[in-house]
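Heads up: the structure comes next, in structure tokens.
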Amino acid sequence: LICHFFLLSQMMEFNCVQFLQNKTILVTGATGFLAKVFVEKILRVQPNVKKLYLVVRASDSEAAMKRLRAEVFEKDLFKVLRENIGEENLNTLFSEKVVPVAGDISTDCFGVKDSNLRERMQKEIDIVVNVAATTNFDERYDVGLGINTFGALNVLNFAKKCVKAQLLLHVSTVVYVSLAYVCGEKSGLLREKPFAMEEIRNEAGHQLDINFEMELMKKRLKELHDQDCSDEDITLSMKELGMERAKLHGWPNTYVFTKSMGEMLIGNHRESLPLVIIRPTMITSTLSEPFPGWIEGLRTVDSVIVAYGKGVLKCFLVDVNSVCDMIPVDMVANAMITATATHAGGSGVHMVYHVGSSHQNPVTFGEIHEISVRYFTKSPLRSRNGSLIAVSKVRLISTMALFSLYMTLRFKLPLQLLKLIDIIYPWRSGDKYGDKNRKINMVMRLVELYEPYVLFKGIFDDRNTKSLCANQKEDETKTSKGSMFDFDPKGINWGDYLTSVHIPGLITHVLKK
């Protein structure tokens, strides 16, 4: 297997482009941020790809194509490809290469009702790429299990029915967990290795049982329906159950817990199908392709950066010395393509790749704060009335206990005075106490969700990814800007990237829209 890996890697870039030629690839979660970049890259570098089956939630194929056009192909992301080949040729490319699939990975065979389409897919598909996920940290447990855990198993089962399938590439996530629970390590280095259910035990020593988790969720959900609980109460209860079960087994939230269980299931049931798991860290805007700074929505650390730029962030829970492990989205897409070309058709393949920066090119939260201060001091945002927003350094608090104390003294005690005023003068307009109390509760809820990330002490080992990248760099096909499939984090200058690419990208593609 090592020799096979080495030989395949000698001319990696050439092989990546050549590999994609005449391939039929299925991509789930096709309207998601990462999937869009992945699809755009394939169409731009290899228009002779045979077919792209793109799975999206929709009522039928016509509705699926409408979603794809509105949420994928009409985005700014495709402007380079549009400029290169023209609007008419781009539309022709889409119509010839893209097959919309109205489906849902939480159901068997994605719930595709058209038997002819199912059979055609199972006869034609070479590569299956699963990017579909629900990424809410505190997702409902039933939803998280349905999509992230058993949805991943459904994708695997479908891939095993594809007679030409050469590989399942599953996009997971790095896991910010108690190192002792997952790796049995306390060194702070989380290795690139598959998760095994038999290794996961809670504080009481009980082994994780995924089928039990599903049955427990179903039982709780049935109880709630039998009690005629409102939809709102059911949602809250399912969210609380997910967080409770995640923390019991050492995970910080429902998202990473259900994603990890999905990895375990497909690892256990893959049989002879080659399997590659990509675990990206915090995914940020494009570094260079198809152009610098493209992003969609506020992603994890971006919420904090934007809140600071708007002048509303006065304090924040963070260890300034903790590493913020982030990676540009185009690098993740490049790693996905390279890993696919390397391992497709391999015997006994079950590879895990951490795609991040903490091991080779770390940047701390303290450094990001300093960069943000410099950026917004020099280039302040404007308020709705057009005035410039002045920023100042944020009070950074390094423990949850100190943060809670600060919030109590700074906000909660004065809030009690406001409550008393509302009681004494009930004719005052508006519920100012209720409004401010809701805001404070929302802040505390967000801080609790982010705590495992901003205080995390671990580093994600990426020796597999480093080897893949090193072999890829040996290829002779280079451009003036570097490799066509670059995912080496050492090439990122975080100061330049944040000030010249990422923050301007947030302003252009998120705030202004």
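The values are calculated or read from the model by the stated rules, or taken from the named source; none is laboratory data. Keep in mind it's a predicted model, so treat the numbers as computed, not measured. Cβ: placed from backbone, ideal geometry, glycine included. Neighbour counts: every protein chain shown. Heads up: the accessible areas ignore ligands, DNA and RNA and are worked out on the full protein's heavy atoms, side chains in. Shrake-Rupley method; radii C 1.70, N 1.55, O 1.52, S 1.80 Å.
Does L208 meet the test of being touching a His at 6+ places or on another chain (Cβ under 6 Å), surrounded by 18 or more Cβ atoms within 10 Å (Cβ to Cβ) and either in contact (Cβ under 8 Å) with a residue 12 or more places away in the chain or closer than 17 Å to G146 by Cβ (or both)?
Yes; evaluated as a whole, the condition is true for this residue.
Would you please name the residue that is surrounded by the fewest Cβ atoms within 10 Å (Cβ to Cβ), looking only at residues in region 18-62 that are among the hydrophobic types (A, V, I, L, M, F, W, C) and farther than 24 Å from A152 by Cα? Spell out the reasoning first.
Initial filter on region 18-62 (among the hydrophobic types (A, V, I, L, M, F, W, C)): 19-20, 25-27, 30, 33-35, 37-39, 42-43, 45, 49, 52, 54-56, 58.
Next cut, farther than 24 Å from A152 by Cα only: 19, 43, 45, 49.
Numbers: F19: 22, L43: 21, V45: 17, V49: 20.
Of everything passing the filter in region 18-62, V45 is surrounded by the fewest Cβ atoms within 10 Å (Cβ to Cβ).
Scan region 1-17 residue by residue and report those that are at pLDDT below 50, over 17 Å from L167 (Cα atoms) and open to solvent by 50 Å² or more (accessible area, probe 1.4 Å).
Scanning region 1-17 gives I2, C3, F6, L7, Q10, M11.
Can you tell me which residues in region 493-503 are within 21 Å of the chain's Cα centre (by Cα) and open to solvent by 10 Å² or more (accessible area, probe 1.4 Å)?
Kept after step one, since they are within 21 Å of the chain's Cα centre (by Cα), are these residues of region 493-503: 494, 497-498, 501-503.
Across region 493-503, the qualifying residues are W494, V501.
Please specify each residue of region 231-277 satisfying the condition of being of a type in the set (D, E, K, R) and in contact with a Gly (Cβ under 9 Å, 6 or more places away or on another chain).
Taking region 231-277 as the starting set, the residues that turn out to be of a type in the set (D, E, K, R) are 231-233, 239-240, 244-245, 247, 259, 263, 270-271.
Result: K259, single match.
Open to solvent by 20 Å² or more (accessible area, probe 1.4 Å), among the small types (G, A, S), within 30 Å of L168 (Cβ to Cβ) and assigned to a loop (DSSP other than H, G, I, E, B): is that true of G386 in this structure?
Details: open to solvent by 20 Å² or more (accessible area, probe 1.4 Å): yes; among the small types (G, A, S): yes; within 30 Å of L168 (Cβ to Cβ): no; assigned to a loop (DSSP other than H, G, I, E, B): yes.
No: the conditions fail for G386.
Consider P252 carefully, then state whether it is in contact with a helix residue (DSSP H, G or I) (Cβ under 8 Å, 6 or more places away or on another chain), surrounded by fewer than 20 Cβ atoms within 10 Å (Cβ to Cβ) and part of a loop (DSSP other than H, G, I, E, B).
Numbers: in contact with a helix residue (DSSP H, G or I) (Cβ under 8 Å, 6 or more places away or on another chain): yes; surrounded by fewer than 20 Cβ atoms within 10 Å (Cβ to Cβ): no; part of a loop (DSSP other than H, G, I, E, B): yes.
Answer is no for this residue.
Filter region 95-113 down to the residues that are under 24 Å from the mean Cα position of the chain (by Cα), surrounded by fewer than 20 Cβ atoms within 10 Å (Cβ to Cβ) and of a type in the set (S, T, Y) and list them by number.
Within region 95-113, just T107 meets the criteria.
Name the one entry in N91, N116, N84 that is more than 23 Å from the chain's Cα centre (by Cα), open to solvent by 30 Å² or more (accessible area, probe 1.4 Å) and closer than 24 Å to N154 by Cβ.
Values: N91 fails: closer than 24 Å to N154 by Cβ; N84 fails: closer than 24 Å to N154 by Cβ.
Of the residues listed, the single one that is more than 23 Å from the chain's Cα centre (by Cα), open to solvent by 30 Å² or more (accessible area, probe 1.4 Å) and closer than 24 Å to N154 by Cβ is N116.
Give A133, A152 a once-over and let me know the one that is under 18 Å from the mean Cα position of the chain (by Cα), of a type in the set (A, V, I, L, M, F, W, C) and open to solvent by 10 Å² or more (accessible area, probe 1.4 Å). Give the derivation first.
Details: A152 fails: open to solvent by 10 Å² or more (accessible area, probe 1.4 Å).
A133 is the lone residue from the list that is under 18 Å from the mean Cα position of the chain (by Cα), of a type in the set (A, V, I, L, M, F, W, C) and open to solvent by 10 Å² or more (accessible area, probe 1.4 Å).
For region 96-115, state whether one or more residues are touching an Asp or Glu at 6+ places or on another chain (Cβ under 6 Å), assigned to a helix (DSSP H, G or I) and free of Cβ contacts under 8 Å to residues at least 24 places away in the same chain.
yes
What is the one condition in (1) open to solvent by less than 20 Å² (accessible area, probe 1.4 Å); (2) part of a loop (DSSP other than H, G, I, E, B); (3) over 30 Å from N493 (Cβ atoms) that E271 does not satisfy?
Looking at each condition in turn, E271 falls short on (1).
Considering only region 319-334, I want to know if a residue exists there that is open to solvent by less than 10 Å² (accessible area, probe 1.4 Å) and hydroxyl-bearing (S, T, Y).
Within region 319-334, one or more residues are open to solvent by less than 10 Å² (accessible area, probe 1.4 Å) and hydroxyl-bearing (S, T, Y).
Are there helices (runs of 4 or more DSSP H) fully within region 291-382 with at least 2 residues that are among the aliphatic types (A, V, I, L, M) and within 30 Å of V17 (Cβ to Cβ)? List them. Give the derivation first.
Details: elements: 301-309, 329-343, 365-378.
Passing ranges, in order: 329-343.
Can you tell which of D126, D142 is surrounded by fewer than 24 Cβ atoms within 10 Å (Cβ to Cβ), out of contact with any Gly (no Cβ under 7 Å at 6 or more places or on another chain), within 19 Å of Y255 (Cα to Cα) and at pLDDT 95 or above?
On the way: D126 fails: within 19 Å of Y255 (Cα to Cα).
Testing whether each residue is surrounded by fewer than 24 Cβ atoms within 10 Å (Cβ to Cβ), out of contact with any Gly (no Cβ under 7 Å at 6 or more places or on another chain), within 19 Å of Y255 (Cα to Cα) and at pLDDT 95 or above leaves just D142.
Of the residues L287, L298, L273, only one is within 19 Å of the chain's Cα centre (by Cα), at pLDDT 90 or above and under 28 Å from A333 (Cβ atoms); which? Don't jump to the end; show me each part of the working.
On the way: L298 fails: at pLDDT 90 or above; L273 fails: within 19 Å of the chain's Cα centre (by Cα).
Of the residues listed, the single one that is within 19 Å of the chain's Cα centre (by Cα), at pLDDT 90 or above and under 28 Å from A333 (Cβ atoms) is L287.
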